[in-house]
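So the structure is just underneath, and the comments pick up after that.
The values are calculated or read from the model by the stated rules, or taken from the named source; none is laboratory data. Everything numeric in this text was worked out from a predicted model, so none of it was measured. Positions of Cβ are generated from backbone atoms using ideal geometry, with glycine treated the same way; all protein chains shown enter the neighbour counts.
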Amino acid sequence: MNSCFIKNGRVIDPARGLDGPADILVEGGRISAVEPQLPAPDNLPAVDASGLWVMPGLIDMHVHLREPGQEYKEDLRSGLLAAVAGGFTAVLAMPNTAPPLDTAPVISGLMSKAREIPGARLQVAAAMTRSRKGQELNEYQDLRSAGASAVTDDGSWVTDSKVMRRILDYAQVCGLLPLSHSQDPLLAQGGAIFEGRVSARLGLPGIPAQAEEIAVYRDLALAELTGKPLHICHLSTRQATGLVRSFLARGLSVSAETAPHYLFLTHEDVGDYNPNAKMNPPLGTAEDRASLREALSDGTITVIASDHAPHSVLEKEVEFIDSAFGITGLETSLPLMLELAREIGLSPSNLAELMSRNPARLLGLPGGTLAPGGPADVTIIDPELEFTYNSLDGFSKSRNTPFEGRKFKGRAVLTMVGGEIRYRWPNSSIL
Amino acid sequence: MYSENLVWPKDLIDLRGLSAFHLTAILDAAENFREVSEREIKKVPTLRGKLVVFFFHENSTRTRLSFEVAAKRLSADTLSLSSSGSSMAKGETLLDTAKNIEAMSPDALVIRHSASGAAQFLGDRLSCPVLNAGDGAHAHPTQALLDLLTIRRHKGRIQGLKVAIIGDIAHSRVARSNMIGLSALGAQVRVAGPPSMMVGGLDDEYGVKVFSRPEPALEGADVIIMLRIQLERQSGQLFPGAREYARVYGLNPRRLSLAHPEAIVLHPGPVNQGVEMSPQVYQCPQSVILDQVSNGVAVRMALLYLLVDNPERHKA
């Protein structure tokens with residue numbers, strides 16, 4: 001019936017400047033009231049959120065769900081279930097599938113299939129250019145009408161600056177946010193990990209930090225030229241972070257995300273060829289990590305996205321140079337961010353901005369707030385719950401994570417989408 | 001009979017992690033095994049009944065021959081798999097192939113592979129000792145050990161020697177393993193090569209001095225290790241060409257004269273004469289390249305003996 005009463009929680013909603021005890025009345029899948037000490041309705045199921053944080057549903061704006069084409073790695077069902085288990089009520093799927101998400105029928109088909117799955121809501125980033133080749137623009141209005149909320153050629157950079165300029169100019173007309181995987185592909189070509197002392201030790205071809213810096217600079221310059229919004233995906237280096245900071249100071253409407261793994265790991269974690277520390281962009285140095293943490297604190301980076309990239313052992317358990325880039329992230333993203341929040345002093349409101357409000361605003365999605373009238377997409381977090389991560393307990397089909405066996409404190413214990421409870425931590429006494 | 005107190009790792013992937021005691025023990029054992037190759041009957045029964053599998057997924061003549069001679073002189077049974085003759089060509093993965101080899105219960109696997117990390121990959125997944133005969137640009141520990149043995153035999157020590165390594169450092173597993181081994185035994189290592197064949201972080205990671213011209217590295221050197229230039233890589237335009245390379249980096253009598261008068265010259269082979277080394281230098285008395293080859297057999301006998309014949313020792 002999509003109605004319930006969430007009581008006694010610490011309600012965190014930065015959009016309305018809320019952080020304090022309140023009860024939430026959910027009716028017909030929507031938030032109908034958020035007040036301290038609401039009278040409990042008799043006929044509704046109650047969720048007791050005592051000691052828990054109640055946040056607007058988290059949104060992960062960078063995931064790879066592999067459908068269509070590589071369903072043995074992940075599919076809509078496993079991916080959307082993994083998302084709610086990680087506390088996400090919506091995810092933005094990247095278009096590098098086979099075939100790519102570059103036409104309206106493919107996107108609308110995927111979105112209608114997703115509506116039947118009791119997981120997170122599916123949002124789609126359509127391909128920026130035809131077949132993701134970086135040459136011709138797709139029909140953005142058609143993609144928008146089919147349900148897309150962003151465009152990207154994620155995995156590839158649009159190398160032709162003139163084409164990228166047209167994309168920035170036109171995407172806004174259709175209400176689509178352009179996302180850039182900013183990396184100079186020729187400078188990075190052949191590289192397996194970050195170019196530095198670890199690549200020197202392991203005898204692996206490196207990807208220099210400047211591959212990101214060069215591309216980010218070009219993209220920011222085009223955002224300045226066009227005066228249009230632009231979002232930079234998965235920032236990973238000190239240099240590129242500094243560029244974003246300086247362009248923001250010039251008043252550009254650009255935004256940037258990073259992924260939790262860049263905030264925790266460095267290229268030293270590649271160790272003796274651990275394929276689960278191989279991702280693109282590559283893990284950088286401790287200095288890179290420190291500057292990303294600083295950029296979170298000073299507002300240069302306003303979005304956390306996991307870059308959930310499931311791969312099977314067939315792609316990962318091979319010679320390191322041939323091993324696929326990427327790690328899973330949906331089920332570890334929030335626990336890692338809770339840990340980071342304690343380490344660097346981010347408030348629950350900061351987390352709600354990074355993982356819910358800002359992605360919703362950038363993508364023009366409903367949600368990102370618990371304001372009455374909006375969809376009842378809610379994530380309830382137990383910040384004290386201790387658990388050991390085991391990817392086998394999760395919903396993703398893939399297990400390529402560097403965080404296997406890590407002890408965490410804090411996670412989502414209940415995830416509600418449109419007023420429906422779609423995930424509940426099995427050992428929780430919440431209901 | 002050698003250094004009974006040392007604990008040996010299961011595998012020999014690279015020289016990192018082996019102490020100076022381990023390295024010295026291997027060289028001492030190799031000195032003893034050299035004598036076997038000088039006998040009329042060049043064979044000892046040490047590894048009788050043991051199966052050593054050679055898995056060469058990249059072309060190799062010297063290393064493979066040297067390992068085979070070493071295993072045979074220790075009376076091991078040997079079996080060779082190469083990429084062309086194996087199922088790798090049919091799309092079988094490295095892991096599958098390795099698991100199939102393991103099902104035949106070998107007592108050691110010797111692997112040569114074009115991918116950095118392939119030896120580590122197998123060592124982590126197989127229960128038998130894995131000996132790295134060269135993986136990508138990562139490590140070539142037996143080559144470094146035979147270089148160390150050659151240097152020690154000629155110079156009487158490693159400690160304090162000035163060693164110049166010259167050539168394509170970026171792509172050289174020989175350079176990486178030598179930097180580790182030489183530094184561990186107290187040599188001062190200098191490396192030189194074109195910046196396009198150098199990688200960042202060498203000074204931090206290996207504690208070596210890095211030069212972009214050969215002359216400062218050669219100045220007063222006791223040992224010179226020249227690396228093979230892979231002419232096939234020139235398509236990547238790392239250098240304008242072989243002739244230009246010889247002009248700037250090739251070891252000729254004039255450059256050799258910068259080194260200590262009794263300096264020795266090593267090369268892992270095969271030598272591109274006229275490119276990284278002039279024919280005069282190749283044939284001069286200071287060149288010890290053929291000694292390296294015979295020391296290679298002794299070093300590999302020592303390693304097979306230490307790792308294969310001593311299951312109680314490798315409880316790493």
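Which numbered condition trips up residue B:91, out of (1) more than 14 Å from chain A (Cβ to nearest Cβ); (2) out of contact with any helix residue (DSSP H, G or I) (no Cβ under 6 Å at 6 or more places or on another chain)?
(1)
What helices (runs of 4 or more DSSP H), lying completely within region A:97-180, carry at least 3 residues that are within 30 Å of residue A:85 (Cβ to Cβ) and touching a His at 6+ places or on another chain (Cβ under 6 Å)? If you could, list the steps in order and put the result at the bottom.
Working: elements: A:104-114, A:140-146, A:161-173.
Because the criterion is at least 3 residues that are within 30 Å of residue A:85 (Cβ to Cβ) and touching a His at 6+ places or on another chain (Cβ under 6 Å), no helices (runs of 4 or more DSSP H) in region A:97-180 meet it.
Tell me the helices (runs of 4 or more DSSP H) entirely within region A:311-411 that contain at least 3 residues that are within 14 Å of chain B (Cβ to nearest Cβ) and closer than 30 Å to residue B:96 by Cβ.
Because the criterion is at least 3 residues that are within 14 Å of chain B (Cβ to nearest Cβ) and closer than 30 Å to residue B:96 by Cβ, the helices (runs of 4 or more DSSP H) in region A:311-411 that meet it are A:313-316.
Any residue in region A:272-292 that is within 14 Å of chain B (Cβ to nearest Cβ) and at positive phi sitting within a Cβ distance under 7 Å of a residue that is in a loop (DSSP other than H, G, I, E, B) and crowded, with 20+ Cβ neighbours inside 10 Å? List the pairs, counting only those 6 or more apart or interchain.
Sorted first by the residue in region A:272-292, then by its partner, the pairs are A:273/B:117.
Considering region B:213-238 alone, what residues qualify as being surrounded by 17 or more Cβ atoms within 10 Å (Cβ to Cβ), out of contact with any strand residue (DSSP E or B) (no Cβ under 9 Å at 6 or more places or on another chain) and within 14 Å of chain A (Cβ to nearest Cβ)? Walk me through it before giving the result.
Initial filter on region B:213-238 (surrounded by 17 or more Cβ atoms within 10 Å (Cβ to Cβ)): B:214, B:217-218, B:221-229, B:238.
So of that shortlist, the ones also out of contact with any strand residue (DSSP E or B) (no Cβ under 9 Å at 6 or more places or on another chain) come out as B:228-229, B:238.
Answer for region B:213-238, where residues must be surrounded by 17 or more Cβ atoms within 10 Å (Cβ to Cβ), out of contact with any strand residue (DSSP E or B) (no Cβ under 9 Å at 6 or more places or on another chain) and within 14 Å of chain A (Cβ to nearest Cβ): just B:238.
What about residue A:115, is it farther than 25 Å from residue A:212 by Cβ and within 21 Å of the chain's Cα centre (by Cα)? First the steps, then the outcome.
On the way: farther than 25 Å from residue A:212 by Cβ: yes; within 21 Å of the chain's Cα centre (by Cα): yes.
Yes: the conditions hold for residue A:115.
So is residue A:179 away from chain B (no Cβ under 14 Å), in contact (Cβ under 8 Å) with a residue 24 or more places away in the chain and buried (at least 21 other Cβ atoms within 10 Å of the Cβ) or not?
Numbers: away from chain B (no Cβ under 14 Å): yes; in contact (Cβ under 8 Å) with a residue 24 or more places away in the chain: yes; buried (at least 21 other Cβ atoms within 10 Å of the Cβ): yes.
For residue A:179, the condition - away from chain B (no Cβ under 14 Å), in contact (Cβ under 8 Å) with a residue 24 or more places away in the chain and buried (at least 21 other Cβ atoms within 10 Å of the Cβ) - is met.
Quick check on this structure: which one of A:248, A:186 is within 14 Å of another protein chain (Cβ to nearest Cβ), at pLDDT 95 or above and assigned to a helix (DSSP H, G or I)?
Values: A:248 fails: within 14 Å of another protein chain (Cβ to nearest Cβ).
Answer to the check: A:186.
What do you reckon, is residue A:224 within 21 Å of the chain's Cα centre (by Cα) and more than 17 Å from residue B:201 (Cβ to Cβ)?
On the way: within 21 Å of the chain's Cα centre (by Cα): no; more than 17 Å from residue B:201 (Cβ to Cβ): yes.
Taking the combined requirement at face value, the residue does not satisfy it.
Would you mind telling me which numbered condition in (1) touching a residue at least 40 places away in the same chain (Cβ under 8 Å); (2) within 14 Å of chain A (Cβ to nearest Cβ) residue B:272 fails?
(2)
So the check is Cβ under 8 Å with 6+ separation or different chains; which pairs have a first residue in region A:321-347 that's under 22 Å from residue A:83 (Cα atoms) and a second one that's in a helix (DSSP H, G or I) and polar (S, T, N, Q)?
Once the first residue is under 22 Å from residue A:83 (Cα atoms) and sits in region A:321-347, its partners that are in a helix (DSSP H, G or I) and polar (S, T, N, Q) give A:327/A:276; A:328/A:391; A:331/A:391; A:341/A:350.
Being over 28 Å from residue B:121 (Cα atoms) and out of contact with any strand residue (DSSP E or B) (no Cβ under 7 Å at 6 or more places or on another chain) narrows it down to one residue among A:160, A:154; which is it? Lay out the reasoning, then the answer.
Values: A:154 fails: out of contact with any strand residue (DSSP E or B) (no Cβ under 7 Å at 6 or more places or on another chain).
None of the others qualify; the one that does is A:160.
Identify, from the list A:215, A:221, A:211, A:240, the residue that is in a helix (DSSP H, G or I) and free of Cβ contacts under 8 Å to residues at least 24 places away in the same chain. Give the derivation first.
Numbers: A:215 fails: free of Cβ contacts under 8 Å to residues at least 24 places away in the same chain; A:211 fails: free of Cβ contacts under 8 Å to residues at least 24 places away in the same chain; A:240 fails: free of Cβ contacts under 8 Å to residues at least 24 places away in the same chain.
Of A:215, A:221, A:211, A:240, the one residue that is in a helix (DSSP H, G or I) and free of Cβ contacts under 8 Å to residues at least 24 places away in the same chain is A:221.
Among the numbered conditions (1) under 21 Å from residue A:329 (Cα atoms); (2) crowded, with 24+ Cβ neighbours inside 10 Å, tell me where residue A:26 comes up short.
Here residue A:26 meets the rest and fails (1).
For region A:386-402, give me each residue that is buried (at least 21 other Cβ atoms within 10 Å of the Cβ) and touching a Pro at 6+ places or on another chain (Cβ under 9 Å).
Scanning region A:386-402 gives A:396, A:398, A:400.
Quick one: residue A:116 ticks every box in (1) out of contact with any strand residue (DSSP E or B) (no Cβ under 9 Å at 6 or more places or on another chain); (2) among the charged types (D, E, K, R); (3) more than 16 Å from residue A:420 (Cα to Cα) bar one, so which box is it?
In the conditions (1) out of contact with any strand residue (DSSP E or B) (no Cβ under 9 Å at 6 or more places or on another chain); (2) among the charged types (D, E, K, R); (3) more than 16 Å from residue A:420 (Cα to Cα), residue A:116 misses (3) alone.
Restricting attention to region B:188-228, which residues are under 18 Å from residue A:205 (Cβ atoms) and assigned to a loop (DSSP other than H, G, I, E, B)?
Correct list: B:193, B:194, B:198, B:199, B:200, B:201, B:227.
Within the group B:167, B:134, which residue is buried (at least 16 other Cβ atoms within 10 Å of the Cβ), in the same structural domain as residue B:220 (by TED's automatic domain parsing) and at positive phi?
Details: B:134 fails: in the same structural domain as residue B:220 (by TED's automatic domain parsing).
Only one candidate qualifies: B:167.
Considering only helices (runs of 4 or more DSSP H) fully contained in region B:71-187, which possess at least 3 residues that are touching a strand residue (DSSP E or B) at 6+ places or on another chain (Cβ under 6 Å) and over 30 Å from residue B:221 (Cα atoms)?
B:118-125
When you look at residue A:95, is it modelled with pLDDT under 95 and assigned by TED's automatic domain parsing to the domain that holds residue A:180, yes or no? Spell out the reasoning first.
On the way: modelled with pLDDT under 95: no; assigned by TED's automatic domain parsing to the domain that holds residue A:180: yes.
No: the conditions fail for residue A:95.
Which condition does residue B:210 not pass, out of (1) closer than 26 Å to residue B:261 by Cβ; (2) buried (at least 20 other Cβ atoms within 10 Å of the Cβ); (3) among the aliphatic types (A, V, I, L, M), if it passes all the others?
Of the numbered conditions (1) closer than 26 Å to residue B:261 by Cβ; (2) buried (at least 20 other Cβ atoms within 10 Å of the Cβ); (3) among the aliphatic types (A, V, I, L, M), the odd one out for residue B:210 is (2).
Could you check region B:1-60 and list, in sequence order, the residues that are in a strand (DSSP E or B), surrounded by 20 or more Cβ atoms within 10 Å (Cβ to Cβ) and either more than 14 Å from chain A (Cβ to nearest Cβ) or β-branched (Val, Ile, Thr) (or both)? So that I can check it myself, show each step before the final result.
Within region B:1-60, the subset in a strand (DSSP E or B) is B:12, B:51-56.
If we keep only those that are surrounded by 20 or more Cβ atoms within 10 Å (Cβ to Cβ) too, we end up with B:12, B:52-56.
B:52, B:53, B:54, B:56 - these are the residues of region B:1-60 that are in a strand (DSSP E or B), surrounded by 20 or more Cβ atoms within 10 Å (Cβ to Cβ) and either more than 14 Å from chain A (Cβ to nearest Cβ) or β-branched (Val, Ile, Thr) (or both).
How about region B:80-98: which of its residues are closer than 17 Å to residue B:54 by Cβ and at pLDDT 80 or above?
B:80, B:81, B:94, B:97, B:98
Do you know which of the residues in region B:181-198 that are surrounded by fewer than 24 Cβ atoms within 10 Å (Cβ to Cβ) and closer than 19 Å to residue B:135 by Cα is farthest from the other protein chains (Cβ to nearest Cβ)?
This residue is B:197.
Return the residues of region A:1-20 that are surrounded by fewer than 22 Cβ atoms within 10 Å (Cβ to Cβ) and either under 28 Å from the mean Cα position of the chain (by Cα) or assigned to a loop (DSSP other than H, G, I, E, B) (or both); say none if nothing qualifies. Walk me through how you get there before you give the answer.
Narrowing region A:1-20 to residues surrounded by fewer than 22 Cβ atoms within 10 Å (Cβ to Cβ): A:1-3, A:5, A:7-8, A:10, A:15-20.
Result: A:1, A:2, A:3, A:10, A:15, A:16, A:17, A:18, A:19, A:20.
Do you know which residues across region B:100-128 are over 19 Å from residue B:296 (Cα atoms) and more than 11 Å from chain A (Cβ to nearest Cβ)?
Answer for region B:100-128, where residues must be over 19 Å from residue B:296 (Cα atoms) and more than 11 Å from chain A (Cβ to nearest Cβ): B:100, B:101, B:102, B:103, B:104, B:105, B:106, B:107, B:126, B:127, B:128.
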